[in-house]
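Report on the following structure.
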Amino acid sequence: MRSTIKKIIVVGGGFAGAALIRQLASARENDVEVTLISEESYTTFNPLLAEVVGAAVFPEHVVAPLREFTRGARFVMGRVNAVDFAARLLHTSSLQGPLTLPYDHLVFAFGNRARCDLIPGMVDHGHVLKTLGDAIHVRNLVLRRLAQMELEPDPDARRTLGHFVVIGGGFSGVEVAGALADVLHGICQYYPRVKADELAISLLHDGAILLPQLPEALGLAATTSLMQRGVAVRLNTSASRIDAKQVQLQSGESIPTATAIATIGTRANALTEVLQGVTLERGRIVCRADCSVVGPASVWAIGDCAQIPLPNGEYAIPTAQFAVAEAKHLTRQLLAVLRGERTQPFDYRSRGMMATVGHHKGVAELAGIKLTGLPAWLLWRAYYLSQMPTAGRKFRVFIEWTWGMFFRPDITHFRFERSVEQDKQPEVRSP
Ligand SMILES: Cc1cc2nc3c(=O)[nH]c(=O)nc-3n(C[C@H](O)[C@H](O)[C@H](O)COP(=O)(O)OP(=O)(O)OC[C@H]3O[C@@H](n4cnc5c(N)ncnc54)[C@H](O)[C@@H]3O)c2cc1C
């Protein structure tokens, strides 16, 4: 006799998947077995990645272990490689080898990936910011550049090492530039052979105003604030090539830099390429208004990987805010389907948007109200603190932020080597 227990499998433990699991757990349905499969054992709180780059929070504080909130659900750490929609089977590679799991309902919440080839030379010489690993890498790189400057006698080489170029004037680019300004200002005193005027940050943006998603006044406020902190904001400026020692611009000019951080461009997750019968539009899975996937039955998609139509004719935007709202909506739809009820279309409007620009300043738009400076920064922190998963993590980040208001950033530069590797390569390698 076929079991009456319905198996729901969620692929991806990011903003959307983690919120869905939490919602399903609190619904406490008896006849439902929920499994979360994700590549990492934790969910990453991406809006705080720029703070990791700026050494304002410890990396481990911007992630939350998925097992802490998968209460009642099974967690499998693994990568989904293929789906047999006809047989309703999911093929996964796990720590213990291949694993095949049957499902009744399947939810895709596997996000997207950073696009590393948008600018020639970016793969070899650029640095992206998408994952916690990227943020730790850039943080270490900044500290390494200052350590290199301490030892470098040639003035031109010193200026190249001390120039940090951020490409992209959206939320991530602005926040990274602000965080870099803060960290360089805060740690300069630990590098006595590095003079403040040898350090520079340039923010390149191909549009006329920073933060194009926000009202123009806030983009202008962000520009002013960053420039007051010494960031050279270069509008209508596109990078055409990244080399080891420079970023070339489309105008023909080149900016000497050893560190180019690109916060632009995403690409579809490779998993989408093997999903037969699923339609993609601009790299996102085409969904119906209730978040069900057009094509295979009993398959749903939410978050950055999903293209969900809204009643106003637009599409849900790929932000954490929308991902969480979609997860809440999908929980209700899944429960409705299991009860034999009709599904409802997803409808959500952004509650507002905000960004930090460094030095306790921010810009925000909330329900049509525009804020700049300290109030916007406090709002940013309060909002993201409230959104952090688990009370323990909220408390840790709160303590760390408070600590950071009075003390300098931590300049510990981690080396990820085991004892057996250390003697083989005694020199300090360039990244
Ligand atoms: C630096 C940065 C700053 C941001 N700041 C903001 C902000 O301030 N405000 C805002 O609203 N949004 C922000 N965003 C966007 C926001 O983070 C995303 O919209 C949100 O994370 C989307 O959630 P998701 O669950 O769809 O994808 P993700 O959070 O990317 O999660 C996808 C998950 O799926 C897993 N996965 C992928 N492929 C597989 C596979 N084959 N098998 C198993 N698991 C898989 C991944 O490991 C990951 O855990 C920012 C993003 C970045 C990168």
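The values are calculated or read from the model by the stated rules, or taken from the named source; none is laboratory data. These numbers come from a predicted model, not from an experiment. All Cβ positions, even for glycine, are placed from backbone atoms using ideal geometry, and neighbour counts span all protein chains on display.
Some notes on this structure:
- Strands (runs of 3 or more DSSP E) (entirely within region 218-323) containing at least 3 residues that are within 19 Å of ASP117 (Cβ to Cβ): 239-242, 246-249, 259-262, 266-268
- Of the listed requirements (1) assigned to a strand (DSSP E or B); (2) in contact with a Lys or Arg (Cβ under 7 Å, 6 or more places away or on another chain); (3) away from the ligand (no atom under 13 Å from the Cβ), ARG113 misses just one: (3).
- The single condition among (1) more than 24 Å from the chain's Cα centre (by Cα); (2) in the same structural domain as ASN30 (by TED's automatic domain parsing); (3) away from the ligand (no atom under 14 Å from the Cβ) that VAL83 does not satisfy is (3).
- Test: residue in region 62-76 that is without any contact (Cβ under 8 Å) to a residue 24 or more places away in the chain, assigned to a strand (DSSP E or B), in the same structural domain as VAL10 (by TED's automatic domain parsing) and under 18 Å from ILE5 (Cβ atoms): no
- Residue that is surrounded by the fewest Cβ atoms within 10 Å (Cβ to Cβ) [pool: residues in region 273-284 that are more than 14 Å from the ligand (Cβ to nearest atom) and among the charged types (D, E, K, R)]: ARG282
- If you go through region 120-140 and keep only what is more than 16 Å from the ligand (Cβ to nearest atom) and touching a His at 6+ places or on another chain (Cβ under 8 Å), you end up with just ASN140.
- Hits in region 285-334 (condition: surrounded by 22 or more Cβ atoms within 10 Å (Cβ to Cβ) and within 17 Å of ARG267 (Cβ to Cβ)): ILE285, ALA301, GLY303, ASP304, CYS305, ALA306
- Selected residue [in a helix (DSSP H, G or I), in the same structural domain as VAL278 (by TED's automatic domain parsing) and either within 11 Å of the ligand (Cβ to nearest atom) or surrounded by fewer than 18 Cβ atoms within 10 Å (Cβ to Cβ) (or both)] from PRO47, PRO98: PRO47
- Residue match in region 150-165 (condition: buried (at least 18 other Cβ atoms within 10 Å of the Cβ), under 22 Å from the mean Cα position of the chain (by Cα) and more than 25 Å from ASP410 (Cβ to Cβ)): no
- Hits in region 119-142 - residues which are out of contact with any helix residue (DSSP H, G or I) (no Cβ under 7 Å at 6 or more places or on another chain), buried (at least 21 other Cβ atoms within 10 Å of the Cβ) and in a helix (DSSP H, G or I): MET122
- When we screen TRP401, TRP377 for residues that are under 23 Å from the mean Cα position of the chain (by Cα) and at pLDDT below 85, the only hit is TRP401.
- Under the condition of being surrounded by fewer than 19 Cβ atoms within 10 Å (Cβ to Cβ) and near the ligand (Cβ under 10 Å from one of its atoms), the residues counted in region 31-44 number 3.
- Members of region 226-243 that are aliphatic (A, V, I, L, M) and touching a helix residue (DSSP H, G or I) at 6+ places or on another chain (Cβ under 7 Å): LEU226, VAL231, VAL233, ILE242
- Those residues of region 50-62 which are surrounded by fewer than 20 Cβ atoms within 10 Å (Cβ to Cβ) and either within 11 Å of the ligand (Cβ to nearest atom) or of a type in the set (Asp, Glu) (or both), in sequence order: GLU60
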